[in-house]
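Bear in mind that the values in this text are calculations on the coordinates, not laboratory data. Quick caveat, the model's predicted, so the values are computed rather than measured. Note that each Cβ is placed from the backbone with ideal geometry, even for glycine, and that neighbours are counted across all protein chains shown.
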Amino acid sequence: MRSCTRKIDLVARQGGDEFILILPDIYVRKDIETLCQRIASEISRPFIVNGNEVYISVSMGIALAPQDAMNACDLIRLSDIALYKAKNTGRNNWVFYEPNMGEYLIQRREMEKEFREALCTDQFQLVYQPRYDIKTSRIAAVEALVRWQHPRLGLLMPDQFIPLAEETGLIVAMSDVVLEKACKDMVHLSPDLVISVNISAVEFNTRGLAKRVKAALQKSGLKPSRLELEITENVTISNPDITLETMKQLKDIGVRFLIDDFGTGYSALSYLKRFPFDGIKLDKSYVFAMEESENAKIIVENIIGLGKAYSLAVTAEGVETAEQLKRLKQYHCDEAQGYFIGKPVALDALNLDVAFSV
């Protein structure tokens, strides 16, 4: 950050991963945005740690004097409010403080309180989306997806509460609920059916995940070989040593691992060699594009070929038409998942007796 600022600017660490920049004699908002862009670009470059590329991101909240406040304490407080807003808008973003953001922070704190109550009152529900084995023409697995039946706001989708769970550290408690429910539900279904559960990067990088997964399996009685954990590519990048250690612990008892949304992250081929993955889930954006783009068809076929080369099963996400399924079969894709195969539904509405003629 110092390399991005002027000599008269102050860069100081407030604590943890938070830093304060004091920028005197800047009067044009565009100049601040230019600086933010420079900082974001610099920080998003990969760092080499023990021979591995590590990527980080930055969120920035901005308060101006004298428009927003006149003293340091108030400026820090208001920039912190803007920072919370920035974190919820995605990676490498910055947000200027606005007066209505105070209300946003109040709402966020209320939402956090309600989230804690939801954990204690069984408000989180699971729905299951099937994965279709193209070669055997049967449902081979289901993916557990969490929903929040909020007493005031109704049914909330993951993107409406997962960021909050990650920021507050409540993602671990919620994941324990999801794991226990999913494992318990699968015990009563076909003994050949596999269940997959999503694990976020924030959660995967906290030590103790292997112990918690083992506890959920033991409590439910589900065989470890019937559990798959889906992680995105950036999990292997943010803390590769912890990732590898956790994966090995769970692989030793039979748990399998899938790379979710493959093709959207930063992973190089070296990660496929280093980490003991069992399968790839091809991001739905490539499947959508197949019907209109020859390049997309080539990419899909090549990724499937890559999976075969590394002995990884390939699941195509976002399959919504018979034509897409037919094309994937021609490319020797292993599995398909999407609305054409089946929408996410409650356990009692799950239909495992389906077959498609393509």
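May I ask for the distance between the Cα centers of the range 273-319 and the range 193-259, given as a whole number of Å?
Each part's Cα centre sits 22 Å from the other's.
If you bin the C-alpha pair distances of the range 2-97 every 10 Å from 0, what whole percents do you get?
Per 10 Å bin, starting at zero, the Cα-Cα P(r) for the range 2-97 comes out as 15, 48, 30, 7, 1 percent.
Tell me, what is a quarter of the convex hull surface for the C-alpha atoms of the chain, in nm² with one decimal?
20.5
Tell me, in nm to one decimal, what length is gained between residue 149 and residue 322 on full extension, where the rule is 0.36 nm per residue of separation less the Cα-Cα distance?
Answer, rounded to one decimal: 59.0 nm.
Within the range 2-97, what percent of beta bridges assigned by DSSP are antiparallel, to the nearest 5?
65
I need the GluC sites (Glu not before Pro) found in the range 209-251, filtered to DSSP loop residues with at most 10 other beta carbons within 10 Å of theirs.
Sites meeting the loop and neighbour criteria: none at all.
Apply the Karplus curve 6.51 cos²θ - 1.76 cosθ + 1.60, θ = phi - 60°, to the phi angles in the range 352-357 and return the couplings in whole Hz, x for Gly and Pro.
Values per residue, Gly and Pro as x: 9, 9, 10, 8, 10, 9 Hz.
Mind checking which lysines have their C-alpha under 23 Å from residue 214, skipping anything on the same chain fewer than 8 residues away?
Within the straight-line cut-off, residue 214 pairs with 181, 184, 223, 248, 251.
Contour minus end-to-end for residue 190 and residue 54, with contour as 0.36 nm per residue of separation and end-to-end as the Cα-Cα distance?
44.9 nm
Which chymotrypsin sites (Phe, Trp or Tyr not before Pro) in the range 14-59 sit in a loop by DSSP (not H, G, I, E or B) and have at most 13 other Cβ atoms within 10 Å of their own Cβ?
Filter output for the range 14-59: 27.
Which of the GluC sites (Glu not before Pro) across the range 28-101 are loop residues per DSSP, with 16 or fewer other Cβ within 10 Å?
Answer in residue order: no site qualifies.
Nearest-5 percent of antiparallel DSSP beta bridges in the chain?
If I count the DSSP bridges inside the chain, around 50 percent turn out antiparallel.
For Cα pairs less than 8 Å apart in space and 6+ apart in sequence, what is the mean separation divided by the residue count of the chain, i.e. the relative contact order in percent?
Over the chain, the number comes to 13 percent.
Between residue 125 and residue 245, with labels modelled 7 Å along Cα→Cβ, what's the label distance in nm to one decimal, could you check?
4.0
Quick one: among 333, 183, 36, which has the greatest mean-square fluctuation in a GNM of the chain with alpha-carbon springs under 10 angstrom?
Comparing 333, 183, 36 in a Gaussian network model of the chain, the most mobile one is 36.
Which helices, counted as full DSSP H runs in the chain, have an axial Cα extent of no less than 15 Å and a Kyte-Doolittle average of 0.5 or above?
Span-like helices, by this rule, are 171-187.
Is there a quick way to get the dipole size of the range 2-97? I mean about its Cα centre, with the Cβ of Lys and Arg at +1 and of Asp and Glu at -1; what is the value in debye to the nearest 20?
Dipole size: approximately 160 debye.
Name all residues of the range 219-254 having a backbone nitrogen under 11 Å from the label point set 7 Å from the Cα of residue 207 along its Cα→Cβ direction, giving them as ranges.
Those under the cut-off are 242.
Estimate the FRET efficiency between residue 22 and residue 89 by the formula 1/(1 + (r/R0)^6), using the beta-carbon distance for r and 30 Å for R0, to the nearest 0.05.
About 0.80, to the nearest 0.05.
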